């Protein structure tokens, strides 16, 4: 966050009325930290999508803790599991490669922060495109949940889920790795 943005946020928070007897300086520092954390959390989930769509697996991997609890059961039928983050990224890289492209979008982020733990719930949309067997598109809508822990290096995702609400298109595109 640049200095001008920090000053604007600080001024806005400082000008807010006293809340329940808490000193304005204490409120502004806590509020500023909450705003900084919220922005960092949104950036992480958005950057995961950008990295996946760019097939930049090193960058995607950098947002995750060593082990991650994953739940894609609504897409794959596989139960929730605790796996190495390297395995999660390898699975994505094995499917989304070469002539298979993707677009992932998130919106309406709902953030909860409790000390050094946080969760980000977002509405999501994704499509995969690959020529070769009929309709080249597969689309899905649903809800993402990313749970994160704050460590010495910042926030890391240690749980990641997608719960499908609707899908359409060619299942072959969904299940066939790119070449």
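All of the numbers you see were taken from the coordinates with simple rules; none came from a lab. None of these values were measured; they are calculated from a predicted model. Don't worry about glycine lacking a Cβ; one is built from the backbone with ideal geometry, like all the others, and counts go over all protein chains shown.
Table for the structure above
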read-out	value
Length released on extending from residue 86 to residue 42, taking residue separation times 0.36 nm less the Cα-Cα span	13.6 nm
Theoretical gain in end-to-end length, residue 167 to residue 30 [0.36 nm per residue, Cα-Cα removed]	45.2 nm
Cβ-based exposure ranking for 114, 49, 87, in which fewest neighbours within 10 Å come first	114, 87, 49
Between segment 137-170 and segment 81-127, the Cα center-to-center distance that results, in Å	4
Distribution of pairwise C-alpha distances over segment 34-179, 5 Å bins, in %	2, 10, 19, 23, 22, 14, 7, 3, 1, 0
